[in-house]
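The values are calculated or read from the model by the stated rules, or taken from the named source; none is laboratory data. Everything numeric in this text was worked out from a predicted model, so none of it was measured. As a convention, Cβ positions derive from the backbone with ideal geometry for all residues, glycine included, and neighbour counts pool all protein chains shown.
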Amino acid sequence: MRNLIFCLLISVACFSQNNGSWQLYKTQNGISIYSRKANNTNIKQLKTVVTLKTSLNSLVALINDWDSYPQWNYRCGQSKTLKTISPTELIHYQTVVTPWPVDHQDFIINVKLSQDDKTKTVTITSTNNPNYIPPYPKITRIKELQAKWTLTPLNNGNVQAEYEFFVNPGTLVPAWLLNAAVTYGPYETMLNFTQWVQKPKYQQAKHPLINELN
């Protein structure tokens with residue numbers, strides 16, 4: 001059960017609905033992980049932060065490479081694009097592999113990419129769209145999910161990558177058990193992310209709508 005929520009790489013209509021400030025609970029290999037309690041629930045909202053020597057285009061290329069997610073995103077099973085709406089918007093489907101006796105979980109999200117013209121900060125937001133397709137047998141559809149990537153270019157050629165997310169799979173999983181899982185998934189996913197983005201296919205990528213700071 002500790003693996004329920006960490007296939008998410010991916011806004012978030014409700015990030016303003018929080019309770020209290022972020023609390024740092026882990027720092028390792030340059031990756032910082034924060035948590036805070038979301039309003040009206042006992043489940044925690046999470047944030048991971050890391051600074052990388054890379055380009056905005058490389059990070060966007062990896063985040064948009066949905067087919068690669070099962071290889072580096074913790075407990076990710078299936079990952080596929082259901083519909084491409086535009087170069088900056090799509091609908092995505094993903095499954096979360098969970099151990100017996102818990103049913104596997106899945107979610108559907110609307111993903112939107114934007115860039116600030118002045119600061120060049122890139123934002124990739126994901127909002128839940130659980131009713132886009134009917135649920136599959138023996139797979140539990142996640143009903144509440146919000147996530148956001150914020151990629152901030154720095155003057156020294158680095159980029160700060162920040163990922164916030166909140167997942168509530170429903171009433172079948174106790175909040176205390178879901179919160180216990182935060183020790184594992186976010187760090188492992190972000191560590192893999194920092195390694196994968198250095199691959200040549202991402203370092204050489206260029207998104208037609210993404211501009212670097214310099």
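Remarks
- Contacts under 7 angstrom Cβ, first residue in the range 174-194 being closer than 14 Å to residue 147 by Cβ and modelled with pLDDT of 75 or more, partner surrounded by 19 or more Cβ atoms within 10 Å (Cβ to Cβ) and among the basic types (Lys, Arg), 6 or more apart: 185/75
- Residue list for the range 90-115, filter: among the charged types (D, E, K, R) and either under 19 Å from residue 185 (Cβ atoms) or buried (at least 21 other Cβ atoms within 10 Å of the Cβ) (or both): 103, 106
- Close pairs (8 angstrom Cβ cut-off, 6 or more residues apart or separate chains): under 30 Å from residue 119 (Cα atoms) in the range 133-157, loosely packed, with under 13 Cβ neighbours inside 10 Å and acidic (Asp, Glu) anywhere: 153/212
- Scanning the range 88-139 for residues that are in a strand (DSSP E or B), more than 21 Å from residue 77 (Cβ to Cβ) and more than 15 Å from the chain's Cα centre (by Cα) gives 89, 114, 115.
- First in the range 17-39 and of a type in the set (Val, Ile, Thr) and surrounded by 11 or more Cβ atoms within 10 Å (Cβ to Cβ), second anywhere and part of a strand (DSSP E or B) and at pLDDT 95 or above, Cβ under 7 Å, 6 or more apart: 31/48; 31/50; 33/48
- Residues of the range 140-171 that turn out to be assigned to a loop (DSSP other than H, G, I, E, B) and either in contact with an Asp or Glu (Cβ under 6 Å, 6 or more places away or on another chain) or closer than 26 Å to residue 56 by Cα (or both), as a count: 5
- Conditions (1) at pLDDT below 95; (2) farther than 16 Å from residue 124 by Cα; (3) within 19 Å of the chain's Cα centre (by Cα); number of the one not met by residue 165: (2)
- Considering only residues in the range 64-89 that are modelled with pLDDT of 95 or more and among the small types (Gly, Ala, Ser), the one that is nearest to residue 190 (Cα to Cα) turns out to be 68.
- Note on the range 56-83: among residues that are polar (S, T, N, Q) and in a helix (DSSP H, G or I), the one that is nearest to residue 207 (Cα to Cα) is 57.
- Residue that is nearest to the chain's Cα centre (by Cα) [pool: residues in the range 190-202 that are surrounded by fewer than 14 Cβ atoms within 10 Å (Cβ to Cβ) and not in a loop (DSSP other than H, G, I, E, B)]: 195
- Checked across the range 100-109, the condition of being within 30 Å of residue 53 (Cα to Cα) and modelled with pLDDT of 95 or more holds for at least one residue.
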